[in-house]
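Since every read-out is calculated from the coordinates, none of them should be taken as a lab result. In this text the structure is predicted, and so the values were computed from the model without any measurement. As a convention, Cβ positions derive from the backbone with ideal geometry for all residues, glycine included, and neighbour counts pool all protein chains shown.
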Amino acid sequence: MGLELLPDFVSTNYETYEWKHACAILQRDFNKEWKDIIEVLTNFRFYKSWIVEGGGRKSQVAEAIDHEFNQRGWIEKDFSTKVVVDENEMKSPTHKVDCYKNKIALEIEWNNKDPFYDRDLNNFRLLFDLRAISVGIIITRKDELQELFKKYKLGSKYGASTTHMSKLLPRIEGGSGGGCPILVFGISKRLFHEGG
């Protein structure tokens, strides 16, 4: 069992990809978190004003997704990690995870530079190896959204070197996430609404 565990709405409106049986692990062992993820993805829509207007630290797309997970008890999480060999202690820093709940780490990469994927995957690998997380999830955008951005003359804001599925999948398949089970959702243009 794999991606077929996803409901039709999610499979139809998102490009999906899994690594190392992430869906089965989530649905079986983390059922509450699985339901949260499905609900947030099912309810999500994005609007013209969100992509045309400039963002601050986070885009309105990322803020909207964050908010929905926060409402369900997910938090931004910073991990304090170190390695101790004999008496030698070495810091092993990680970065904050956008949304975290019960050993599930979720990152939202809507419009960052694509090296952010390397950071996320390395973080998932390290946290999984340290048994701090069981599954890593990335919500990003489907490549087809470039057509939408061109339509609104936003090509320079949402360029080819920013985060989208074709920049992420080769990294996962190349082993950047190590042994961490990973589930990816690429937002499609079916979720876009002109108004709002």
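Numbers for the structure displayed
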item: Of the GluC sites (Glu not before Pro) in the stretch 28-130, those whose Cβ has at most 15 other Cβ within 10 Å and which sit in DSSP loop; result: E53, E87
item: The stretch 1-74: trypsin sites (Lys or Arg not before Pro) in DSSP loop, at most 10 other beta carbons within 10 Å; result: R57
item: Over the stretch 91-137, volume per residue of the alpha carbon convex hull, in Å³; result: 73
item: Local net charge near A132, Cβ-Cβ under 10 Å (Lys/Arg +1, Asp/Glu -1); result: +2
item: Dipole-positive endmost among T162, P115, P181 within the stretch 3-190 (Cβ charges, Cα centre); result: T162
item: At 1.002 mPa s and 20 °C, Stokes diffusion of the chain via Kirkwood alpha-carbon radius, µm² per second; result: 124
item: Net charge over other residues, Cβ less than 13 angstrom from the Cβ of K113 (K, R count +1; D, E count -1); result: -1
item: For the chain, calculated [θ]222 nm from helices alone, where every DSSP H run of n ≥ 4 adds -39500 (n - 2.57); result: -11000 deg cm²/dmol
item: Lys, Arg +1 and Asp, Glu -1 on Cβ, resulting dipole of the chain about Cα centre, debye, nearest 20; result: 440
item: Over the stretch 1-83: Kirkwood hydrodynamic radius from C-alpha pairwise inverse distances, Å; result: 14.9
item: In the stretch 89-196, the chymotrypsin sites (Phe, Trp or Tyr not before Pro) that fall in loop regions by DSSP, at most 13 other Cβ within 10 Å; result: Y152
item: Kirkwood Rh and Cα Rg combined as Rg/Rh, the stretch 44-101; result: 1.23
item: Across K20/K189; K48/K142; K32/K101; K32/K96; K20/K91; K32/K58, pairs whose alpha-carbon gap is larger than 20 Å; result: K20/K189; K32/K96; K20/K91; K32/K58
item: Rg/Rg_globular for the stretch 103-196, with Rg_globular taken as 2.2 N^0.38 Å and Rg from C-alpha atoms; result: 1.16
item: Positive-end residue, the chain charge dipole about Cα centroid, Cβ charges, pick of Y17, Y47, A62; result: Y47
